[in-house]
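Note sheet for the following structure.
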Amino acid sequence: LSSSLGSYSSKIICGLSVGSELSFVTCGSVIKLLNVKHNVRLHSHDVRYGSGSGQQSVTGVSAVEDSNSYWSIRGTSGASCTRGTAVKCGQTIRLTHVNTGRNLHSHYFASPLSSNQEVSAFGEEGEGDHLDEWTVQCSGSVWKREESVRFRHKSTDGLLSVTGEQYGRPIHGQMEVHAMSNPSQHSLWKVMEGVFMKPSESPAGGRDFAHTHTEF
């Protein structure tokens, strides 16, 4: 892991766990998510869709070491997500793309390749709207790191999915990410690389967007 997080804030994160000592996923952590069926990581970049919403595109990539696949786990405008606390099954969160500060987002636009429900990245500096909210679907009480989970879009009930359609230029080989109404193997995701906030520890000062200069 060799890339630093983002460019949109100035605090330094402390109380981090890069190793595997935490068995569950915590609020404030920065993670990569792997689609289990297609072996691609949830990814975004400053490339906009040429159709649909015209917002920033979200794709799946096979590359492991790509800083554009890091997402920060955050609370919503109506429900906080206290740093270091375990994310509960059934909890609604936002996933904010670290390098661009835009939130994982969905709506009723058609996705460009499969004509399923478009998934995009939306907002500025981590602030978007209610269409950025996703509910974590998992078994048990908390989101376990080794567990495959689903993310259901709160407003439309679509499940974050990959079905294998691939883009050509300028993002050749990347897979379309979209939302689908029915659960399947295409909508299972697992946490991979990341920096995890430890329980009962929090960054020195700051908002959700504490900047880290830590290389990982």
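The values are calculated or read from the model by the stated rules, or taken from the named source; none is laboratory data. Being a predicted model, the structure only gives us computed values, none of them experimental. Neighbour counts are summed over all protein chains in view; Cβ atoms, including those assigned to glycine, are modelled from backbone coordinates with ideal geometry. Surface areas here come from the heavy atoms of the whole protein model, side chains and all, with no ligands, DNA or RNA. Shrake-Rupley method; radii C 1.70, N 1.55, O 1.52, S 1.80 Å.
Does residue 62 meet the test of being over 18 Å from residue 125 (Cβ atoms), surrounded by fewer than 17 Cβ atoms within 10 Å (Cβ to Cβ) and modelled with pLDDT under 95?
Numbers: over 18 Å from residue 125 (Cβ atoms): yes; surrounded by fewer than 17 Cβ atoms within 10 Å (Cβ to Cβ): yes; modelled with pLDDT under 95: no.
So residue 62 does not fit the description; no.
Given the criteria touching a helix residue (DSSP H, G or I) at 6+ places or on another chain (Cβ under 7 Å), among the polar types (S, T, N, Q) and more than 21 Å from residue 50 (Cβ to Cβ), does residue 155 qualify?
Numbers: touching a helix residue (DSSP H, G or I) at 6+ places or on another chain (Cβ under 7 Å): yes; among the polar types (S, T, N, Q): yes; more than 21 Å from residue 50 (Cβ to Cβ): yes.
Judged against the criteria, residue 155 is a match.
So that you can scan it fast, the table gives a plain yes or no per residue for (1) open to solvent by 60 Å² or more (accessible area, probe 1.4 Å); (2) in a loop (DSSP other than H, G, I, E, B):
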| site | (1), (2) |
| --- | --- |
| 106 | no, no |
| 109 | yes, no |
| 115 | yes, yes |
| 118 | no, no |
| 131 | no, no |
| 136 | no, no |
| 147 | no, yes |
| 156 | no, yes |
| 162 | no, no |
query = In segment 24-68, what residues are closer than 22 Å to residue 186 by Cα, among the hydrophobic types (A, V, I, L, M, F, W, C) and in contact (Cβ under 8 Å) with a residue 60 or more places away in the chain?
reply = 25, 31, 33, 34, 36, 40, 42, 58, 61, 64
ask   = Using beta carbons and a limit of 8 Å, which pairs, at least six apart or on different chains, have the first residue in segment 178-192 and over 21 Å from residue 120 (Cβ atoms) and the second one surrounded by 15 or more Cβ atoms within 10 Å (Cβ to Cβ) and acidic (Asp, Glu)?
value = 190/147
Filter result (over 22 Å from residue 178 (Cβ atoms), assigned to a strand (DSSP E or B) and either in contact (Cβ under 8 Å) with a residue 60 or more places away in the chain or open to solvent by less than 10 Å² (accessible area, probe 1.4 Å) (or both)) within segment 75-99 = 86
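Within segment 86-94, does at least one residue satisfy the condition of being under 20 Å from residue 24 (Cα atoms) and of a type in the set (Ser, Thr, Tyr)?
The first filter runs over segment 86-94 and keeps only residues under 20 Å from residue 24 (Cα atoms), leaving 86-94.
Retained after the next criterion (residues that are of a type in the set (Ser, Thr, Tyr)): 92.
Within segment 86-94 (the criterion being under 20 Å from residue 24 (Cα atoms) and of a type in the set (Ser, Thr, Tyr)), the answer is yes, since at least one residue qualifies.
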message = Checking the condition within 17 Å of residue 120 (Cβ to Cβ), part of a loop (DSSP other than H, G, I, E, B) and modelled with pLDDT under 95, which residue from 6, 19, 50 passes?
response = 50
